[in-house]
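Everything on this sheet refers to the single structure shown next.
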Amino acid sequence: MKSRNIKTFIGTALLTLFLMACSDILEEQPRHIYEPGFFKTEKGVNGGLTSLYAHLRWIYGQGYYYNTTLTGTDEATYAQSADANFKDMDLSGVGAITASSSRADVLWGAAFPNINTASGIIENGSAVGTISAALIAEARFFRAFDYFMLVQTFGGVPLDLGAGELKFNTQPVRVSVRNTVPEVYTKGIFPDLLLAVNDLPEIGRVTGGVTKTLARLYLAKAYLTYGWWLENPNNVPTYPEAQRVDPDGRNAQWYYQQAYNIAVEAIDNPGPFRLMDTYYDVNLGSNDRNKEILLYADRTEASEYYGGSNLSWSNGAAPENFAVWFMTWNYTNIRSSGVSSVQREAVQALGRPWTRMAPTQGAIKNTFADKTNDSRYDGTFTTVYRGNWNKGGNTSPTLINANNMAIAPGDAVLTFLNEDDPAIVYNASYANVGAGLLPGRADFVIAPSGISRLRYPGLWKLGTYRTDNGTGLGQPNGAITRPFNVAKFSELYFIAAEAAVKGATPVTGKSARELINVIRARAGKWRWDNNGNTAKVEDNSAAMIAATPAVIDINYILAERSREYFGEGYRWYDLVRTQKWEELATTYQIAGAGAADHTPQTITRTIEKKHYLRPIPQGQLDGMEMTPAEKQAYQNPGY
């Protein structure tokens, strides 16, 4: 597979971003190389815009960055096969986050070259004469998008990459100065997004192209996040040091109101976007690129070249999509009649197991407490592992499983139960399975309180989807060819609801509770029982709405966000924005790392205020020609 280089600069070092056409969905053409004058041509602008979409693949679906967004939160911890990449992020005494170990370097390394490319388009594109304001607005969106991700992750970051603030840089430099958080928002993010909202079309110029609705989502979210930053309810330090004062004299309430207004405007003027009818259909592989998805990092099964991935084998490296493997346990160790009855298969419920991250028991038991009315647990996890030995060439019509009972292909081999059951017997003789028995059941079982670092429900929603398996197991070791969803229309409801809880004045019919109930009502609608593998037409919307508290608070919104977006990479940012990280994630429960471990352990994390910012990557510091004191001042405190 060939790659193309875009050379750009941030402060210290020459950074290279590999450019490959995203897919035939965007109908992009690969370009050879971007010279400084390239953006003064129509060809250069179009090539630069191609790279803005392509760069998403270096972040979203990249498993190590994915780890930084979830491990250490109330959603996820490290699993049995985790190395330091995951243990460091957990903050539970088995590792420590450092400038060398934090894999937030993935974001840093991908974002700044893209920002410079966007600046080149913005600065030079209008002079071409044939470039529309809408095309320039795409570049403005992506520059704001990257700065928004950076400022949430690292605090203030440089607006000057060597040629002046927000200027296109063509010369390598070895020094860098960080701007403050208010400067990044008010000079960079807000102006770009306001222009993007004004100039972008309602319908993208290509499938997957950025739109007015997408820009409104990020503008509303940026306003909401900045409002929290100004308010700073738990006195979390910022860096570089800056007063929590808006340069334009606006207070947090002004920003909450703007976040609410813009999110509601997007809901009322959705363009081609909408909520899918059922939660199951949002994440079903055959429904990828559906009307609820505003932005995704695209991949394709049609071509290794355009997908940027090997279709038969992957070692786990960007731009491949391999994130979900880390939260997939090694189900192939299950034995029935002495053989592997659940074999590695390229289907959404299975895929390639790496056992690096695990959901906490609290997520399974508390976040998803209602597994009957609410379809989101069933639409998020694989909880039933079914026999597929026949697809691997074993012609045995049945195998002997739990309680010496026979199972056939397609039958349940191991089930994670919805509720604890005191009748379960975990028998050491079934250590290779790592599960228990219930009388009369042919499947092995594990209760929610028995979920461990070795055995846990898989993350169905992000799982493999391919169309080339035939009647066999397919190629589960190839990189995942699905797009990785980045932004969803549904989040507009959450942003508006959160802003309302923070004091924004709502319009009639769109109070915080009413907005959240739109999402909850949809969650009550079933058309398919995913883990039962059967049709299930059921509408529990009324029960879901009735169960919503009369007055909702931030903790309730965060719980709903976790039910809606579990495992998608939102959680660390949600907990940092709302400053609820310590409150909600300091302790968690999970069983140990052995096959026979099914007793919950309570683990305590040490989450310090410094952890609300990730460290500046060591590679960036090493490349700067600055004094040790200047480098230390550049680094976030405590690292």
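Rule-based calculations on the coordinates, nothing more; no lab input. Remember, it's a predicted structure, so these values are computed and weren't measured experimentally. Note that we place each Cβ from the backbone using ideal geometry, even for glycine, and neighbour counts take in every protein chain shown.
Just want to confirm a number: the relative contact order over region 294-423, from Cα pairs under 8 angstrom separated by 6+ residues, in percent.
19 percent
Pull up all non-local amide H partners of residue 160: gap of 5 or more, or a different chain, and H-to-H distance under 5 Å with H placed in the peptide plane.
166
Once amide H atoms are placed 1.01 Å from N in the peptide plane, what residues at a sequence separation of 5 or more from residue 386, or on another chain, have their amide H within under 5 Å of its amide H?
413
To the nearest 10 degrees, how steeply does helix 42-54 sit against the main Cα axis of the chain, on a 0 to 90 scale?
40 degrees
In terms of the Cα gyration tensor, with a ≥ b ≥ c the square roots of its eigenvalues, is region 119-182 rounded because a/c is under 1.5, prolate because a/b exceeds b/c, or oblate?
Working: a/c = 3.32, a/b = 1.49, b/c = 2.22.
It comes out oblate by the Cα gyration axes.
Could you work out [θ]222 nm for the chain from helices alone, using -39500 (n - 2.57) per DSSP H run of at least four and dividing by all its residues? Round to the nearest 500 deg cm²/dmol.
Dividing the helical sum by the residues of the chain leaves -9000 deg cm²/dmol.
Relative to the longest principal axis of the C-alpha atoms of the chain, give the angle of the C-alpha long axis of helix 512-523, reported between 0 and 90° and rounded to the nearest 10°.
Result, in degrees: 50.
Kindly write out, for region 353-369 in residue order, the coupling ³J(HN,Hα) from the Karplus curve 6.51 cos²θ - 1.76 cosθ + 1.60 (θ = phi - 60°), rounded to whole Hz, with x marking Gly and Pro.
Values per residue, Gly and Pro as x: x, 10, 6, 9, 10, 9, x, 6, 5, x, 4, 6, 7, 9, 4, 9, 4 Hz.
I'd like the orientation of helix 212-231 relative to the chain: the angle between its Cα long axis and the longest Cα principal axis, in ° from 0 to 90, rounded to 10.
Compared with the principal axis, the helix lies near 90 degrees.
What percent do you get for the relative contact order of the chain when only Cα pairs under 8 Å and 6+ apart count?
In percent, rounded to a whole number, it is 19.
What does the charge count around residue 541 come to, taking other residues whose C-beta lies under 11 Å from its C-beta (Lys +1, Arg +1, Asp -1, Glu -1)?
Its environment carries a net charge of 0.
For residue 486, enumerate residues with amide H under 5 Å from its amide H, sequence gap 5+ or separate chain, H modeled in the peptide plane.
Distant-sequence amide H within range of residue 486: 295, 296, 297.
Quick one: net charge of residue 176's neighbours, Cβ under 11 Å, K/R +1, D/E -1?
Around residue 176, the charge tally is 0.
Which percent of Cα-Cα pairs in region 513-639 sits in each 5 Å bin, short to long?
The calculated distribution, bin by bin, is 2, 8, 11, 11, 13, 13, 14, 10, 7, 5, 3, 2, 1, 0.
With +1 assigned to the C-beta of every Lys and Arg and -1 to the C-beta of every Asp and Glu, and no other charges, what is the dipole magnitude of region 187-257 about the Cα centre in debye, to the nearest 20?
180 debye
Once the mean 1/r over all distinct Cα pairs of the chain is inverted, what Kirkwood radius in angstroms do you read off?
25.3 Å is the Kirkwood radius here.
If I take R0 = 35 Å and measure r between the Cβ atoms of residue 603 and residue 171 in this structure, what FRET efficiency does the formula 1/(1 + (r/R0)^6) give, to the nearest 0.05?
It comes out at approximately 0.10.
Report, in listed order, any pair from 221/502; 212/536; 461/488; 167/502; 365/525; 291/580 with a Cα-Cα distance greater than 25 Å. Before the final figure, lay out the partial values.
Details: 221/502 13 Å; 212/536 36 Å; 461/488 14 Å; 167/502 36 Å; 365/525 21 Å; 291/580 32 Å.
The answer is 212/536; 167/502; 291/580.
Put one equal scatterer on each alpha carbon of region 393-504, apply the Debye formula with no solvent term, and list log10 I(q)/I(0) at q = 0.14, 0.17, 0.23 1/Å to two decimals.
Log-scaled intensity ratios, in q order: -0.84, -0.99, -1.23.
Under 14 Å from the Cβ of residue 347, count the other residues' Cβ atoms, weight Lys and Arg +1, Asp and Glu -1, and hand me the total.
+4
Rounded to two decimals, what is the ratio between the C-alpha radius of gyration of region 215-335 and 2.2 N^0.38 Å?
The reported ratio for this selection is 1.54.
Based on alpha-carbon centroids, what's the gap between region 374-423 and region 123-155 in Å, whole number please?
One Cα centre to the other: 49 Å.
Could you compute the FRET efficiency for residue 536 and residue 408, with r as their C-beta to C-beta distance and R0 at 22 Å, rounded to 0.05?
Rounded to the nearest 0.05, the efficiency is 0.50.
Restricting to DSSP loop positions (anything but H, G, I, E, B) with no more than 10 other Cβ atoms inside 10 Å of their own Cβ, which GluC sites (Glu not before Pro) remain in region 248-344?
The qualifying sites: there are none.
Evaluate the relative contact order of region 128-272 (contact order divided by residue number), counting alpha-carbon pairs under 8 angstrom at least 6 apart; express in whole percent.
Numbers: 185 pairs, mean separation 36.2, N = 145.
Computed over region 128-272, the figure is 25 percent.
Ordered by residue, what ³J(HN,Hα) values in Hz, to whole numbers, does region 630-636 give under the Karplus form 6.51 cos²θ - 1.76 cosθ + 1.60, where θ = phi - 60° and Gly and Pro are x?
Per residue, the Karplus-derived 3J(HN,Hα) values read 5, 5, 4, 5, 6, 6, 5 Hz.
Summarise the long-distance tail of P(r) for region 211-258 by giving the % of C-alpha pairs beyond 13 Å. Intermediate results must be reported in sequence, preceding the final value.
Details: 672 of 1128 pairs.
The answer is 60 percent, as a whole percent.
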